[in-house]
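Novice: Structure in structure tokens, see below.
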Amino acid sequence: MTLPLEEDSRPPYLQAAEVLRTAIRLGEYAPGSLLPSARVLQARFGVASSTVQNALRVLKREGLVYSVVGRGSYVCGVRPAPPSAGPAGRLGAATEVVAAEHDPRPPYVRTADLLREAIRSGDLAPGDRLPSARELQERFEIANSTAQNAVRVLKREGLVYAVQGKGVFVRRAVRKEHANGTKKSAEFPDGPRDTTPADCGPSDEAVVAELAAAAEEDWYCRQVIPRLVAVEVLVETGTVLAFRPPLPGFGTDHIIVVPKQHVRSLLELEPPLAGDLLSVVQQVAGTAVEQHGGCQVLTSLGDEQHNRHLHFHIAVGEGVARFVQR
């Protein structure tokens with residue numbers, strides 16, 4: 001199938017996402033199975049690599065697929081428990097159909113998948129209180145921190161909100177994506193009992209802002225900065241982090257420097273953070289020059305920027321593009 005389709009006015013990446021979404025829901029790609037590589041999908045759809053990557057990002061945000069660095073994208077798979085009395089009981093026997101050896105994602109991500117599926121299937125209805133972190137810990141045999149991180153994921157996605165002293169509740173209004181790629185807010189009846197309107201979380205406008213902010217977040221915001229993924233930290237200040245990623249992107253030595261608050265790109269960087277960031281880049285680059293004789297410092301903008309969080313690559317050695325003949 002070659003995209004874009006003449007009868008479909010949506011951008012090609014949304015069309016590609018729809019084709020993959022339909023294939024997943026029809027069972028062509030079973031839970032836990034590996035999707036075709038980006039190169040295969042690029043040839044199949046007749047689109048650019050960036051179009052395929054954007055389509056996969058859509059499916060990741062929807063919780064349909066996840067990526068494993070160096071291995072590819074996999075179909076998520078969870079099985080909600082049979083309904084039982086009370087919102088807490090409905091999750092009591094929930095189990096994963098994808099065993100840990102087939103699903104190498106962190107436990108908090110798998111736990112978030114189970115809770116997300118329970119919300120989408122209606123086992124946890126709008127206004128229901130989620131089980132506490134301790135209850136989730138006992139039910140899923142996970143650490144307390146794992147349960148808390150799973151709930152944070154759902155908060156960022158706008159599926160749940162916290163009421164101080166009362167717990168975490170499923171939102172009365174969630175954002176749904178329609179087939180034409182547009183999004184709209186859908187109201188649900190009655191929220192948590194014994195709460196005032198102010199307790200019922202942000203307004204729909206605030207939810208929209210939350211989700212827009214969540215869409216701007218990325219691996220650095222969600223994984224690296226809160227230390228949910230293991231990285232080798234080289235320099236850390238109150239505002240900047242420099243680290244070696246788990247797998248080098250290019251070069252024999254690859255270091256990434258990022259601001260610890262979300263800044264979309266270099267075009268949006270402002271003082272005093274600009275000075276803090278440049279100081280760490282200079283420090284790390286200076287060390288690289290001393291140790292290796294030279295390095296490259298790179299950041300991307302616009303369509304060349306795949307991760308929407310400002311970051312500087314500092315790379316040396318084989319695999320780095322050469323601009324100076326040696």
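Read-outs throughout are calculated quantities, based only on the coordinates presented, and are distinct from any laboratory measurement. Keep in mind the model is a prediction, meaning the values are calculated, not measured. With ideal geometry, Cβ positions are generated from the backbone for all residues, glycine too; neighbour counts draw on all protein chains shown.
Novice: Taking amide H positions as placed in the peptide plane 1.01 Å from N, state which residues far from ASP253 in sequence (5 or more) or on other chains have amide H under 5 Å from it.
Specialist: VAL316
Novice: Calculate the dipole size of region 211-307 relative to its Cα centre from +1 charges on Lys and Arg beta carbons and -1 charges on Asp and Glu beta carbons; express the result in debye to the nearest 20.
Specialist: On the way: 5 positive and 12 negative charges, 49 e Å.
Roughly 240 debye, rounded to the nearest 20.
Novice: Another question, then. Taking amide H positions as placed in the peptide plane 1.01 Å from N, state which residues far from LEU35 in sequence (5 or more) or on other chains have amide H under 5 Å from it.
Specialist: Residues meeting the criterion, in which the H sits 1.01 Å from N, are SER73, TYR74, VAL75.
Novice: Over region 220-316, what relative contact order in percent results from Cα pairs under 8 Å that are six or more residues apart?
Specialist: On the way: 149 pairs, mean separation 29.1, N = 97.
Answer for region 220-316 is 30 percent.
Novice: When a/c reaches 1.5 or more, the comparison of a/b and b/c decides; with that in mind, is region 220-316 rounded, prolate or oblate per its Cα gyration tensor? All intermediate terms of the calculation are to be shown ahead of the outcome.
Specialist: On the way: a/c = 1.33, a/b = 1.23, b/c = 1.08.
The shape class here is rounded.
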